[in-house]
Amino acid sequence: MGYHDARFEAVGSGPAWAFGGAIAPRHFRRAYGRAAVAAAIENGLMPEELSEVLGGRRVVEAFPVDGGESVSDYAHRAVAEMMVAYLSYAPA
């Protein structure tokens, strides 16, 4: 298993783009991604470590937004998932 391969099922109501399979409008993806990156760095993840966890993907691709999730809630959850992915990674 590579870096954070899991996909999450969207539950509840919210905009259609907020569910894992749909693509969010670009400005929403950017807002969610920027908030998650800022929170990750603020919580001690180094930029190099963040790049390793993401493996060339964008944050919202690696850690999809759950339906109806606020930017702040997403950032906190994504950071937690990034930390798990980083700590569970074993180099080949």
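The values are calculated or read from the model by the stated rules, or taken from the named source; none is laboratory data. From a predicted model like this one, the values you see are computed outputs, not experimental measurements. Here Cβ is always computed from backbone atoms with ideal geometry, including for glycine, and neighbour counts include all displayed protein chains. Accessible surface is based on the protein model in full, side chains and every heavy atom, while ligands, DNA and RNA are left aside. Shrake-Rupley method; radii C 1.70, N 1.55, O 1.52, S 1.80 Å.
Things worth noting here:
- Residue in the range 29-44 that is of a type in the set (Asp, Glu) and either at pLDDT below 90 or open to solvent by less than 40 Å² (accessible area, probe 1.4 Å) (or both) present: no
Yes/no matrix, rows are residues, columns are (1) open to solvent by 50 Å² or more (accessible area, probe 1.4 Å); (2) closer than 21 Å to residue 27 by Cβ; (3) among the charged types (D, E, K, R):
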{"residue": "50", "(1), (2), (3)": "no, no, no"}
{"residue": "58", "(1), (2), (3)": "yes, yes, yes"}
{"residue": "63", "(1), (2), (3)": "no, yes, no"}
{"residue": "82", "(1), (2), (3)": "no, no, no"}
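- Every residue from the range 54-68 that is within 11 Å of residue 36 (Cβ to Cβ) and in contact with a Phe, Trp or Tyr (Cβ under 6 Å, 6 or more places away or on another chain): 60, 65
- Of all residues making up the range 44-70, the number that are more than 24 Å from residue 89 (Cα to Cα) and outside any loop (DSSP other than H, G, I, E, B): 0
- Tally of residues being under 9 Å from the mean Cα position of the chain (by Cα) and in contact (Cβ under 8 Å) with a residue 40 or more places away in the chain across the range 67-87: 6
- For the condition under 17 Å from residue 32 (Cα atoms) and part of a helix (DSSP H, G or I), residue 73 qualifies.
- Beta carbons closer than 6 Å, at least 6 apart along the sequence or on distinct chains, never pair a first residue in the range 32-43 that is farther than 20 Å from residue 67 by Cβ and assigned to a helix (DSSP H, G or I) with a second that is modelled with pLDDT under 95 and open to solvent by 30 Å² or more (accessible area, probe 1.4 Å).
- Those residues of the range 65-80 which are among the β-branched types (Val, Ile, Thr) and open to solvent by less than 50 Å² (accessible area, probe 1.4 Å), in sequence order: 65, 79
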